[in-house]
Amino acid sequence: MSEESLAEALRVPPGPVDLSAWDPAATPAISGDKSDGEERLAALGPDLLDLATRVMASKESERPRRLLLVLQGMDTSGKGGVLKHTVALMDPVGLRVTSFKAPTEEERSHDFLWRIERAVPPLGFIGVFDRSHYEDVLIQRVRHFADDAEIERRYGAINDFERRLVDEGTVVLKCMLHISPEAQKERLLARLDDPAKHWKYNPGDVDERQLWADYRRAYEIALERCNTEHAPWFIVPSDRKWYRNLAIARLLREHLEDMGLGWPTPAGLDLEAERRRLAEDTVS
């Protein structure tokens, strides 16, 4: 399979989802090793910067655009790593990154999408959700914080919300960072072994590991129920960090390229008149 077909390789097909059929250590559509992957990621930097700047420039066009990158995955799957190594290749001026934690008392007093909608960046920006509205059909389902009827309602609300975003000119790129329990255990132990990572260690992550099968099933249902034509899911194998970072960079580039954005000239801007004004300007 050629590298050009990465989106096809990672896109979740319609129908039931069985995560056991997706190898978290695989490297679909990308050949080479870690060294090759890191070089290719760095080489993508100029393309991502250029394309992201075109999104910012679209604010001056008749139809401004926006891209929303949704990152979901079990603890240690690498959401922070993607932000550091992939998202950071783009101009921070045009980025809006939101990391969703447990909802506050105020947020719990509203519908679950209230805080999500408030975090959607204006058109002309690239938004990144580190965790997202999907927390409200994952942990809520596993921990029984909401009943079955409410969870069912939320699948439909999520699909409607994402449809509205797309209708407004948003590209919604949803990536599930798929990690194995073995890789997660290794990364948790690495945090204990490195004093610089102690602050990242949460004893509650070990408790959540005991519910691995429940979380896997919750993900499978969410991926199936919210895998739409306008906002499909992509499963990104994440046991290999270099592959995860490169794959999401490639998905970003492909989606940004598909937006077909050029360089707009703001309405009312007379280029020749502005050239004359500058030519006549005597300020030194």
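Distance distribution note for the chain: the fraction of Cα pairs above 33 angstrom is 26%. Only one residue of GLY124, SER109, VAL93 has its Cα farthest out toward the positive end of the dipole of the range 77-142, where Lys and Arg carry +1 and Asp and Glu -1 on Cβ, and that residue is VAL93.
Suppose R0 equals 30 Å; then what is the FRET efficiency for LYS197 and ASP258 from their Cβ-Cβ distance, rounded to the nearest 0.05?
Efficiency for this residue pair is about 0.20.
Across the chain, the relative contact order, built from alpha-carbon pairs under 8 Å that are at least six residues apart, equals 34 percent. Summing Cβ point charges (Lys, Arg +1; Asp, Glu -1) relative to the Cα centre of the range 97-205 gives a dipole of roughly 320 debye.
Structural descriptor for the range 1-128: relative contact order 30 percent, calculated from alpha carbon pairs under 8 angstrom and at least 6 residues apart.
Here the dipole of the chain is about 460 debye; that uses its Cα centre as origin and unit charges on the Cβ of Lys and Arg (positive) and Asp and Glu (negative). For the pair ALA42 and LEU278, what calculated FRET efficiency results from E = 1/(1 + (r/R0)^6), where r is the Cβ-Cβ distance and R0 = 41 Å, to the nearest 0.05? The value I calculate is 0.65.
The Cα center of the range 131-166 and the Cα center of the range 211-284 differ in position by 24 Å.
With the simple spin-label model, which puts each label point 7 Å out from Cα in the Cβ direction, the ALA213 to ASP50 separation comes to 5.1 nm.
Solvent-free Debye calculation, one equal scatterer per alpha-carbon of the range 123-233: log10 I(q)/I(0) at 0.17, 0.18 Å⁻¹ equals -0.94, -1.01. Using C-alpha pairs below 8 Å separated by at least 6 residues, the relative contact order for the range 65-180 is 49 percent.
Taking 27 Å as the cut-off for C-alpha to C-alpha distance, list the pairs among LYS34/LYS174; LYS34/LYS200; LYS59/LYS241 that go past it. Those over the limit are LYS59/LYS241. Each label point was placed 7 Å from the Cα along the Cα-to-Cβ direction; for GLU106 and HIS230 their separation is 3.0 nm. A 1.4 Å probe run over the range 4-68, with the rest of the protein chains in place, finds 53 Å² accessible per residue.
Based on every Cα atom in the range 1-83, Rg and the maximum pairwise Cα distance Dmax equal 16.2, 46 Å. Of the GluC sites (Glu not before Pro) in the range 60-128, the ones in a loop by DSSP (not H, G, I, E or B) with at most 10 other beta carbons within 10 Å are GLU62.
Surface calculation, 1.4 Å probe, protein heavy atoms: SER238 sits at approximately 0 Å² accessible. To put it simply, the accessible area of the range 1-60 at a 1.4 Å probe is 53 percent carbon and sulfur.
In order along the range 140-146, phi translates into HN-Hα couplings of 5, 6, 5, 8, 6, 7, 9 Hz, rounded to whole numbers, per the Karplus curve 6.51 cos²θ - 1.76 cosθ + 1.60 with θ = phi - 60° and x for Gly and Pro.
The values are calculated or read from the model by the stated rules, or taken from the named source; none is laboratory data. From a predicted model like this one, the values you see are computed outputs, not experimental measurements. Heads up, the Cβs are rebuilt from the backbone with ideal geometry, glycines too, and the neighbour counts pull from every protein chain shown. In case anyone asks, the SASA skips ligands and DNA or RNA and just uses the protein heavy atoms, side chains included. Shrake-Rupley method; radii C 1.70, N 1.55, O 1.52, S 1.80 Å.
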